[in-house]
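> First, the structure itself, so that you have it in front of you.
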Amino acid sequence: MARYRYKYNPEQLKYEKVPFTWKDYFLVSAKWLSIVALVSFGSIFIFNRYFESPKMREQKSELVFLDQQLNQMQSDLLNMDQVVTEIAERDDDVYRNIFGAEPFPKHLRQPGIGGTDRERDLRGFDHSGDVIETKRRISQIQRKLVAQSKSFEELFELARTKEEMLSSIPAIQPVRNEDLARMASGFGYRIHPIYKVPKFHAGMDFTASTGTEIFATGDGVIERVERRKTGYGLNVIIRHGYGYKTLYGHMSQIKVREGQRVKRGDVIGLVGNTGTSVGPHLHYEVIKDGAKVNPAHYYFNDLTPEQFEIMLELSSSANQSFD
């Protein structure tokens with residue numbers, strides 16, 4: 001920087017040399033520092049505004065990636081919630097109807113979350129709303145899944161019980177079709193073979209040769225083994241559970257004992273002519289909740305529709321019973 005500056009003197013009409021003072025040095029320095037500072041700050045602003053550092057580019061790319069993942073998670077959670085809702089609807093409208101069960105309680109499917117503000121630590125950030133909503137959806141689906149799991153546990157138990165029930169219901173004929181001579185008499189009022197008067201016949205008579213095998217028509221326990229000279233003669237009662245019992249009368253031989261557990265299809269005795277009977281046959285009864293019902297409605301396991309129709313026609317004819 002020059003040590004002097006020139007100033008015009010109008011009286012002498014010439015320029016005079018004037019030395020710089022410390023104030024002049026300060027002002028000049030301040031001016032240049034201001035220019036440098038302005039240029040520097042302007043450069044930094046322009047760089048920050050229009051240019052990115054590698055670190056900033058990496059962070060920005062990561063934020064874009066995380067934002068995309070958050071959006072994808074929200075979409076996936078929405079789909080999961082729809083699937084869980086559909087499962088719950090099928091559970092109530094289909095699965096439980098099959099087993100005759102009441103729908104799973106709604107208040108158990110939608111349990112609330114009590115307590116303090118669980119999202120307090122998530123607030124105050126740019127993506128707080130999205131993160132809080134995502135966490136709420138996750139919690140909702142978790143509660144639904146826990147409830148559905150409990151519902152399925154009940155259904156599994158119902159299915160297990162239903163399987164036992166289906167095995168216990170008397171669902172086959174006690175005498176094979178090929179062993180039958182004919183269907184002698186069905187359920188209802190029939191002519192008594194001895195007294196020759198109409199009398200209610202509380203079962204079905206299957207005529208077959210003496211010694212023909214008699215089968216348990218459902219799983220159960222032998223409740224009674226009785227040997228009489230009159231009435232049902234040699235007879236057996238099976239307790240199947242679920243309100244069902246079956247009676248097998250006029251046997252020539254009994255092959256089970258009281259308390260014995262039997263399966264559907266097990267041989268429990270042989271056809272005979274014992275007790276009050278006028279010919280070899282099996283008198284068969286189905287008892288539901290203490291009342292004798294028509295056995296013809298329980299042969300759905302081993303008869304074709306055509307055979308079932310023929311059996312119904314034969315058993316409903318007003319003929320004479322064998323006992």
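> Take the residues in the stretch 79-108 that are surrounded by 10 or more Cβ atoms within 10 Å (Cβ to Cβ) and among the small types (G, A, S); name whichever of them is modelled with the lowest pLDDT.
It comes out as A101.
> Any chance the stretch 109-118 includes a residue that's assigned to a helix (DSSP H, G or I) and either modelled with pLDDT of 65 or more or under 16 Å from the mean Cα position of the chain (by Cα) (or both)?
Looking for residues that are assigned to a helix (DSSP H, G or I) and either modelled with pLDDT of 65 or more or under 16 Å from the mean Cα position of the chain (by Cα) (or both), one finds at least one in the stretch 109-118, hence yes.
> Strands (runs of 3 or more DSSP E) wholly in the stretch 193-288 with at least 2 residues that are modelled with pLDDT of 95 or more and of a type in the set (D, E, K, R) - which ones?
220-227
> Out of the residues in the stretch 223-248 that are in contact with a strand residue (DSSP E or B) (Cβ under 6 Å, 6 or more places away or on another chain) and of a type in the set (V, I, T), which is nearest to V262 (Cα to Cα)?
Filtering first and then ranking leaves I238.
> Can you work out which of the residues in the stretch 272-302 that are over 15 Å from G203 (Cα atoms) and in contact with a Pro (Cβ under 6 Å, 6 or more places away or on another chain) is surrounded by the fewest Cβ atoms within 10 Å (Cβ to Cβ)?
V278
The values are calculated or read from the model by the stated rules, or taken from the named source; none is laboratory data. Note that the coordinates shown come from a computational prediction; the quantities given were computed from them, not determined experimentally. In this analysis, Cβ positions are derived from the backbone assuming ideal geometry, glycine residues included, and neighbour counts consider all displayed protein chains.
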